[in-house]
Structure formats: C-alpha cells, structure tokens
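Visitor: My structure is below; once you've seen it, I'll send some questions.
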Amino acid sequence: MADYKAIHGKNIQHLASDLDNAEGEGEIWFNTTTSDYKTITKAAGTWSTGGALNTGRQYFDAAGPQTASVAAGGWVSPGNTNASEEYNGTAWASGNNIATARRGARMAGVDSGSALMYGGIVSTPSNAVEGYDGTSWSSRPSLATARREGGRGKSGSTATSAFLAGGDGPPIGVATEEFTGAATAQTVTTS
C-alpha cells in the first residue's frame, strides 16, 4: 500500500502544537504532544445564538431575513396562539396579534414590514389569509382549499407573490394556489 508521500508528494508534518486556522486550513499534520492527526477544514456556515422568542411555541412560521423577520401563530399549550413577534437580528419584540389564532400556517415575505400568513389549523384546517404591513395584520383573499402546512417557496416569496402546494386538508392534498397582488388588488389562482 502506498504511503501519504507516495500519493500526495509530501510528508505529514510533525508538530508539537496545532496550526492556527489561517495556516492550517486544508493541511494535515501530526500533533506530537497529543498524538493526534489534525486538519482544519473551513465550514460553509455556522449557527450562533440569537435572542429568545417572547412566546415559546411550536408549529409556527416566520418570514423575512435574520435581521428583519416576523413570526406569528403556532401552538402554545393548551391551544393555538395569535401572538406575533418581530425580530431585528438581536431580539424579538411583541407585535400586533393575527386575527385568527392558528398553528401550521405558512408565511411569505421579504421582511417584518411586509408578510403574508396563509392556511393553518384552528380546530379544523383553515383557508384564512392575513397580510402584515409592519404594524398590523389585515384580511386578504382566502385560500380556495383550507389546509395546514404544505410546501411554499421561501426564496423570492413576498407578501404579494406567494404559493402553497399540497398540505393536509385532510386528506393530504395536491392542489397548488398562487397569490399575486397588492392589498387593493389580489388574485388567487388554483391549479
């Protein structure tokens, strides 16, 4: 069997301490102090701790980037919540509540000043749609098919351009609905 030098054309370094991130990235070496082979690979991204939600919940959704998001609805035992919160990249602040307390709804939007929440479950699947303007939630044209969860396109979705596919009605559905328009002129297309 070929050794490392025969394969890669160089020996593995033997060092008494680890290399720092800049000089060690992509390198392999043997640390003689710890008797370990080491390498540093650059990660594609990392998670860091952000501010905690004011209302702990599950089965909710959010819209917007990490510096200007809005989250609404969900489940807070023993039932659905209508709580809404905005995130500024550091902390969550309570916002005005959605009209229909529900869980399993989907959201689209580019930031905390423009979002759309649709579907979900109240006691049965809902077709309710609400839009957020950064201050308050207001009614929008309803989904043709009441359902919760389902697939939606987050990338490029806005409060005036969104879609919902599938979801649980019950039964599990195949319908796709598209939402287009502004607060004064909206259309919903079903396929």
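Read-outs: derived from the displayed coordinates by stated rules, not from any lab. All values derive from a computational prediction rather than experimental measurement. Cβ placement follows ideal geometry from the backbone for every residue including glycine, while neighbour counts extend to all protein chains displayed.
Visitor: Over segment 61-175, what is the mean sequence separation of C-alpha contacts under 8 Å (at least six apart), divided by residue count, expressed as relative contact order in percent? Provide the component values of the computation, followed by the final result.
Guide: Working: 317 pairs, mean separation 22.4, N = 115.
Relative contact order, segment 61-175: 19 percent.
Visitor: Could you work out which residue, out of Ala108, Ala83, Ala52, moves most in a Gaussian network model of the chain, that is, has the largest mean-square fluctuation with Cα springs under 10 Å?
Guide: Ala52
Visitor: What are the extents of the Cα atoms of segment 22-103 along their three principal axes, listed from largest to smallest and rounded to whole Å?
Guide: That works out to 63, 26, 16 Å along the principal axes.
Visitor: Given Cβ point charges of +1 (Lys, Arg) and -1 (Asp, Glu) and nothing else, what value in debye, to the nearest 20, does the dipole of the chain about its Cα centre take? List each step's numbers first, then the result.
Guide: Numbers: 13 positive and 17 negative charges, 115 e Å.
Around 560 debye, computed over the chain.
Visitor: If exposed means no more than 16 neighbouring beta carbons inside 10 Å and the site is in a DSSP loop, what's the longest run of the chain without any exposed trypsin sites (Lys or Arg not before Pro)? The partial results should precede the final answer.
Guide: Working: sites that count: Lys10, Lys42, Lys154.
Longest gap between qualifying sites, sites excluded: 43-153.
Visitor: Shifting gears a bit: What distance in nm separates the simple spin-label points at Asp133 and Asn96, each placed 7 Å from Cα in the Cβ direction?
Guide: If labels sit at Asp133 and Asn96, their model points lie 0.8 nm apart.
Visitor: DSSP loop chymotrypsin sites (Phe, Trp or Tyr not before Pro) in segment 26-80 with at most 12 other Cβ atoms within 10 Å of their Cβ, which ones? Could the numbers behind the result be given before it?
Guide: Numbers: sites: Trp29, Phe30, Tyr37, Trp47, Tyr59, Phe60, Trp75; in loops: Trp47, Tyr59, Phe60.
For chymotrypsin sites (Phe, Trp or Tyr not before Pro) across segment 26-80 that sit outside H, G, I, E and B with at most 12 neighbouring Cβ atoms in 10 Å, the list reads Trp47.
Visitor: Cut-off is 10 Å between beta-carbons; in what order do Leu116, Leu19 appear when sorted fewest neighbours first? Present the calculation step by step, with values, prior to reporting the outcome.
Guide: Values: Leu116 24, Leu19 16.
Ascending number of Cβ neighbours within 10 Å: Leu19, Leu116.
Visitor: Starting from the 7 Å offset along Cα-to-Cβ, what nm value, one decimal, do you get for the label separation of Lys5 and Ser48?
Guide: With each label placed 7 Å out from Cα toward Cβ, I get 4.4 nm.
Visitor: Just need log10 I(q)/I(0) for segment 87-142 at q = 0.23, 0.24, 0.29, 0.30 Å⁻¹, Debye formula, equal scatterers on the alpha-carbon atoms, no solvent, rounded to two decimals.
Guide: For segment 87-142 at q = 0.23, 0.24, 0.29, 0.30 Å⁻¹, log10 I(q)/I(0) is -0.92, -0.98, -1.24, -1.28.
Visitor: If the viscosity is 1.567 mPa s and the temperature 4 °C, what Stokes-Einstein diffusion coefficient in µm²/s follows for the chain when Rh is the Kirkwood radius over Cα pairs? Working shown, then result.
Guide: Details: Rh = 19.4 Å.
Estimated diffusion coefficient is 67 µm²/s.
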